[in-house]
Amino acid sequence: MNAVSRSDSTGGGGRAAGGPDNSVDNGYLARRRARRDLTGKHVLITGASSGIGRAAAVAAAEKGAVLFLLARRGDELAGVVDEIQAAGGSAFAYQCDVTDAESVDHTVKTILDTHGHVDMLVNNAGRSIRRAVHRSTDRMHDFERTMAVNYFGAVRMTLALLPQMRERKDGHIVNISSAGVQVATPRFAAYLASKAALDKFAEVTAAEMRADNITFTTIHMPLVSTPMITPSGDQGTSAQSPEWAAATIVRALTERPRRIDVPLGTLAEYGTLFAPGVKERVLHRYYRAIGDSAAAKGEAPADADTPAADAETPAPQRRRRPVPPAVRATGTVLRRAARLVPGTYW
């Protein structure tokens, strides 16, 4: 009652007689701004000791998030935490293997007992294998390994955190998938099958959790220059930087779209719908043009073709050139226009 009387008497913050009521709009905008703000949000990232996970942790910390970082390699993970804390951020390291149920249960219980809750989960830990199917006919473990990390590991983390998210009626889960799922890139049958399974799991779970205010974002990442892709060799395309991937993850955390795709993936999906035969022929030509890597042929150590995403291997470094302001502005306009294309930003 006091608030109503104050607005009626001052006229500064209330609604003028006969004028529009902006209180609902202002309340909506305030809630939207609060939702986009990562300050104080508890964000858990798997596979955070290197590559995309490490870059995403640093980027989220710069936005004020409290990070819970998981990886198998404790020493490398501690280094990420030290880097974030030295910059004034807040991060905690938890050595964990997402393929081990006991390890996940123990880690999640420790985090919840210590910090109370987790607002957001980034399922980033992954394993990639680039090998033609005819070279895997006696290597069933190629498929079992990728499923263990990319699918069952991500599902295990999601199931462990869903109960407390449902209780709090709030939560967001970001799954790092691949643009290759949309393209059906040759030589990635094991890897893309595991990511496709995770895509469908997220889609179904998101529909079920809508009333609980638990949302999902699937990022169909293009090729990113990380330790995980090093054994794959030349793939005939350029790779994005881990910093670019990290910025995409931060956007997924703040804006919470259902999907973030790249134009190549969207184009490939249109090809599947309208010209599947043409798409298959194009992919076959690509398959014939670019062969298997040395690791895929067995010319490298047995496990070198299947490193996990938190493996610490030097990633290729790219020298950045200064971008003229006009080019930067043009790129911004084009990126915003691309989001209007179905599939590039849902």
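The values are calculated or read from the model by the stated rules, or taken from the named source; none is laboratory data. The shown structure was predicted, so the numbers you read here are calculated from the model rather than taken from an experiment. In this analysis, Cβ positions are derived from the backbone assuming ideal geometry, glycine residues included, and neighbour counts consider all displayed protein chains.
Summary of values
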| quantity | calculated |
| --- | --- |
| Which numbered condition Arg54 misses (of (1) modelled with pLDDT of 95 or more; (2) among the basic types (Lys, Arg); (3) surrounded by fewer than 24 Cβ atoms within 10 Å (Cβ to Cβ)) | (3) |
| Of all residues in the range 260-289 being surrounded by 16 or more Cβ atoms within 10 Å (Cβ to Cβ) and not in a helix (DSSP H, G or I), the one that is farthest from the chain's Cα centre (by Cα) | Val262 |
| Listing of helices (runs of 4 or more DSSP H) fully contained in the range 151-211 that carry 1 or more residues being among the hydroxyl-bearing types (Ser, Thr, Tyr) and crowded, with 23+ Cβ neighbours inside 10 Å | 189-208 |
| Selection status of Arg54, farther than 30 Å from Tyr286 by Cα and in contact (Cβ under 8 Å) with a residue 60 or more places away in the chain | yes |
| Matching residues in the range 111-141 - criterion: being among the charged types (D, E, K, R) and either under 16 Å from Arg187 (Cβ atoms) or crowded, with 16+ Cβ neighbours inside 10 Å (or both) | Asp119, Arg127, Arg130, Arg131, Arg135, Arg139 |
| Members of the range 85-131 that are within 30 Å of His141 (Cβ to Cβ), in contact (Cβ under 8 Å) with a residue 24 or more places away in the chain and among the hydroxyl-bearing types (Ser, Thr, Tyr) | Tyr94, Thr99, Thr107, Ser128 |
| Within the range 146-189, considering residues that are in contact (Cβ under 8 Å) with a residue 60 or more places away in the chain and among the hydroxyl-bearing types (Ser, Thr, Tyr), the one farthest from Gly47 (Cα to Cα) | Thr185 |
| Number of the condition not met by Asp310 [criteria: (1) modelled with pLDDT under 90; (2) surrounded by fewer than 15 Cβ atoms within 10 Å (Cβ to Cβ); (3) within 20 Å of the chain's Cα centre (by Cα)] | (2) |
| Residue list for the range 94-106, restricted to those being surrounded by fewer than 22 Cβ atoms within 10 Å (Cβ to Cβ) and under 17 Å from Ser49 (Cβ atoms) | Tyr94, Gln95, Asp97, Thr99, Asp100, Ser103, Val104 |
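Here is a yes/no grid of residues against (1) at pLDDT below 95; (2) under 25 Å from Met221 (Cβ atoms):
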residue	(1), (2)
Thr99	no, yes
Gly116	no, no
Arg130	yes, yes
Asp138	yes, no
